[in-house]
Every structure is written in C-alpha cells, then in structure tokens.
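Down below is the structure, laid out as structure tokens.
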Amino acid sequence: MPNPSHLVVDREKIVGYLLNERHRYGAGKARFFLQFGFRAEQWEKLAEGLRQHGQCCAVAAVERTAFGFRYEVEGPLPGPDGRAPCVRSVWQLDHGQFAPRLITA
C-alpha cells in the first residue's frame, strides 16, 4: 500500500461507526471490537492499532474503483486485553490524495 506511514483514520469512523453499538451497519463490528477491550472513550487505541495493522500486515487484495485504489489488509490486531484477533481492514487511496484512508474494518 502506498505511503503506509501516513495512513488516515478519522475519529468519526472509529467512534461513530466501528465502536458504535447503535449504528445500523456498524453494531456487529462494535460488539466485536468491544470484546477485545477497545472503547469509544479511548478511540485512539483502535485508530492507532488499525494504522499499525495497515502498515505491518499483508495486503490481501487490491481493487481499482471509481474513486481510486482500495486495499484490503488482513492480519492480527493487538487488542487492549492482550489478545490479537485476525481482522481485515479496508483502505482507499482516493485520486489525487497522498495517503490511504480507512474505509472499514
């Protein structure tokens, strides 16, 4: 993945989606991440973990979209509770941008 040291993870993607048990589509993901000790109050831990995941784990798939290239990364994500579940994170490098941004996990 290009420029992995500059991966972008927005607060709202973490708090409003991945750790939001009331989100229409993210509730299941929130339950998953919460069971490994991630919490919305400390959203930076999941954001940093996902950045490291994107930097260190293998790119499993690359897809060209109308917006740019999308990268699927698979591997362990160390959790606050000491466990490291295998997750897939999805990053997109939009046309004209320098750094991939987190789409989902």
Could you give every pair whose Cβ atoms fall below 7 Å, whose first residue belongs to the range 31-52 and is farther than 15 Å from S5 by Cβ and modelled with pLDDT of 95 or more, and whose second residue is outside any helix (DSSP H, G or I) and of a type in the set (D, E, K, R), counting only separations of at least 6 or pairs across chains?
R31/E21; F36/D81; F36/R83; G37/D81
Considering the range 3-25 alone, what residues qualify as being assigned to a helix (DSSP H, G or I) and either without any contact (Cβ under 8 Å) to a residue 24 or more places away in the chain or not polar (S, T, N, Q) (or both)?
P4, H6, R11, E12, K13, I14, V15, G16, Y17, L18
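Can you go through G28, G37, G54 and tell me which one is part of a helix (DSSP H, G or I) and out of contact with any Ser or Thr (no Cβ under 7 Å at 6 or more places or on another chain)?
On the way: G37 fails: part of a helix (DSSP H, G or I); G54 fails: out of contact with any Ser or Thr (no Cβ under 7 Å at 6 or more places or on another chain).
Selected residue: G28, the only one of G28, G37, G54 that is part of a helix (DSSP H, G or I) and out of contact with any Ser or Thr (no Cβ under 7 Å at 6 or more places or on another chain).
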Among residues of the range 38-58, those that are out of contact with any helix residue (DSSP H, G or I) (no Cβ under 9 Å at 6 or more places or on another chain) and crowded, with 19+ Cβ neighbours inside 10 Å, counted
2
Please verify whether T104 is surrounded by fewer than 18 Cβ atoms within 10 Å (Cβ to Cβ) and within 16 Å of G16 (Cβ to Cβ), treating the condition exactly as stated.
yes
Pull up the range 84-100, narrow it to residues that are closer than 9 Å to V73 by Cβ and out of contact with any Leu (no Cβ under 7 Å at 6 or more places or on another chain), then point me to the one that is surrounded by the most Cβ atoms within 10 Å (Cβ to Cβ).
V90
How about the range 59-74: which of its residues are farther than 17 Å from Q97 by Cα and among the acidic types (D, E)?
E72, E74
Restricting the search to the range 62-103, which residues are assigned to a strand (DSSP E or B) and at positive phi?
G68, G75
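The values are calculated or read from the model by the stated rules, or taken from the named source; none is laboratory data. Fair warning: this is a prediction, and the values are worked out from it, not measured in the lab. With ideal geometry, Cβ positions are generated from the backbone for all residues, glycine too; neighbour counts draw on all protein chains shown.
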